[in-house]
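Undergrad: One structure coming up, written as structure tokens, with questions to follow.
The values are calculated or read from the model by the stated rules, or taken from the named source; none is laboratory data. As the structure is a prediction and not an experimental result, all values here were calculated from the model. Positions of Cβ are generated from backbone atoms using ideal geometry, with glycine treated the same way; all protein chains shown enter the neighbour counts.
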Amino acid sequence: MKEQPPIPRALIVGAGIGGMQAALDIGNAGYDVVLVERLPSIGGRMAQLSETFPTLDCAQCILTPRTVEVGHHEHIHLRTYSEVESVEGEAGDFRVRIRRHAAYVNWDICTGCGFCQEKCPGKAPSDFERGIGKRKAIYTLSPQAVPNKPVLDREHCIYFQRGKCRACEKFCPVGAIDFEQEDEVIEERVGAIVLATGYDLYGLENMPEYGGGQVPDVIDSLAFERLLSASGPTTGNILRPSDGKEPKELVFIQCAGSREPERHLPHCSKVCCMYSAKQAILYHHRVHDGQVYIFYIDIRAGGKRYDEFTQRAMEHDRAIYLRGKVSRLFRENGHVMVLGADTLSGEQIRIAADLVVVAPALIPRPETRRLAQMVGVAVDEQGWLTASNADLQPVETEREGIFLAGTGVGPMDIPETVAHASGAAAKVLKLFSRWSRGREEE
């Protein structure tokens, strides 16, 4: 019996900027790619950003052409709103089961017209907007969503909860709503797998010193990105969540949950110094008479033009950097009182802030550990994916045919993520090329 030849087809788990870059590199080389994303649309964390550092380029202007290219690529097969359920086999022939969650919308006939969302009376907090905005019970993640097809949130759907409504079905012009739709299990066979699982944020609820998520007008940095974004809940206007007023005194707290092995997490999250400077600059562009204070331990701006960027925040945009830690936050007379210390001057600091932005630690997604165990690769004590040799083989694992891309390995900025993902794609293409030469020599 002739041995099954290796399958020159790749599976990529995660469709953020890293997963998309790897998919495009492999697809542009002429090989098929199955791109799996647990959310309804692709783009990952970058889709939530307003601008990028240090150039202040519009994040969507960079990302949208990339998502459209992925969505229309002849060699890239999107499996959104889906999760990998099992992986069997070995390099050259992995057998993968993918569960596609019920969207209760027939995407094959849906035109993405948006009537269902417009007419839906049900509302829910938006995870994409970090809880500071609402979405409908039937929704797309953003106006630039790819694919631009809605999913119905069963938990907040009036029909599923009370047995009445069906407004989306009534107004859908093509009859795409399907309340009877069920999860679908898809089986794929691939020769190589790239894990591009991305990151999550350490929750404010884990940090009682910063209010534990219970103090109004204390938000995380990603929520502030949504306030800055023109497609966000405030259309780019800086308005604090509690009363919709423009904040005049803004405090940033860096290293929140990072570099604190005694109470929280030991690692540096790498990008916080830079995006806090970026957010301070963008805030000053919108609120000219506002004042920014940034509590920091030290500034880590190790990249081309990065240090100059932080200097710009201080010198041109009047951000006041306070070297020290915040000890306590509490609400008083409509303000968030911030108590801390400036270790350079030796003074105790008390600021009556209108809005506080916490830069929490980046952490691996909770699904990463389960997926790593499924495919047989290692994670470290915190749950980050581990390369076989972090210095010389940063995208390879101990298992042949399994590669790593992007921030599932640890904190990275966007250029580093893209470069890392292209490195993973190059290793996949090298593997496919080796198999191709082997067949020609037979």
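Undergrad: Restrict the check to segment 283-291 and report whether at least one residue is buried (at least 18 other Cβ atoms within 10 Å of the Cβ) and within 19 Å of LEU329 (Cα to Cα).
TA: yes
Undergrad: Which residues, counting only those in segment 245-258, are out of contact with any Ser or Thr (no Cβ under 6 Å at 6 or more places or on another chain) and within 18 Å of HIS284 (Cα to Cα)?
TA: LYS245, GLU246, PRO247, LYS248, GLU249, LEU250, VAL251, ILE253
Conditions (1) among the aliphatic types (A, V, I, L, M); (2) within 27 Å of the chain's Cα centre (by Cα), marked per residue:
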| residue | (1), (2) |
| --- | --- |
| GLY133 | no, yes |
| TYR159 | no, no |
| LYS164 | no, no |
| GLU169 | no, no |
| LEU195 | yes, yes |
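Undergrad: Return yes or no: is VAL428 within 20 Å of the chain's Cα centre (by Cα) and of a type outside the set (Asp, Glu)?
TA: Taking the combined requirement at face value, the residue does not satisfy it.
Undergrad: Can GLN279 be described as closer than 24 Å to LEU329 by Cβ, part of a helix (DSSP H, G or I) and in the same structural domain as GLY212 (by TED's automatic domain parsing)?
TA: It is true that GLN279 is closer than 24 Å to LEU329 by Cβ, part of a helix (DSSP H, G or I) and in the same structural domain as GLY212 (by TED's automatic domain parsing).
Undergrad: Could you say which residue among ILE294, ILE299 is surrounded by 16 or more Cβ atoms within 10 Å (Cβ to Cβ), free of Cβ contacts under 8 Å to residues at least 60 places away in the same chain and assigned to a loop (DSSP other than H, G, I, E, B)?
TA: It is ILE299.
Undergrad: Looking at (1) without any contact (Cβ under 8 Å) to a residue 24 or more places away in the chain; (2) in the same structural domain as ALA192 (by TED's automatic domain parsing); (3) over 22 Å from the mean Cα position of the chain (by Cα), which is the only condition ALA387 fails?
TA: For ALA387, the exception is condition (3).
Undergrad: Quick one: in segment 1-50, which of the residues that are basic (Lys, Arg) and under 28 Å from LEU201 (Cβ atoms) is farthest from the chain's Cα centre (by Cα)?
TA: This residue is ARG38.
For every residue, the table says whether it meets (1) in contact (Cβ under 8 Å) with a residue 12 or more places away in the chain; (2) assigned to a loop (DSSP other than H, G, I, E, B); (3) touching a Leu at 6+ places or on another chain (Cβ under 9 Å); (4) assigned by TED's automatic domain parsing to the domain that holds LYS430.
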position: SER41; (1), (2), (3), (4): yes, yes, yes, yes
position: ARG45; (1), (2), (3), (4): yes, no, yes, yes
position: PRO54; (1), (2), (3), (4): yes, yes, no, yes
position: PRO65; (1), (2), (3), (4): no, no, no, yes
position: VAL70; (1), (2), (3), (4): yes, no, yes, yes
position: LEU78; (1), (2), (3), (4): yes, no, yes, yes
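Undergrad: Next question. Taking LEU63 as the residue in question, decide whether it is under 30 Å from ALA313 (Cβ atoms) and under 24 Å from the mean Cα position of the chain (by Cα).
TA: Yes: the conditions hold for LEU63.
Undergrad: Among what's in segment 171-193 and is of a type in the set (A, V, I, L, M, F, W, C), over 27 Å from THR407 (Cα atoms) and surrounded by 14 or more Cβ atoms within 10 Å (Cβ to Cβ), pick the residue that is farthest from the chain's Cα centre (by Cα).
TA: Residue satisfying both the conditions and the ranking: PHE171.
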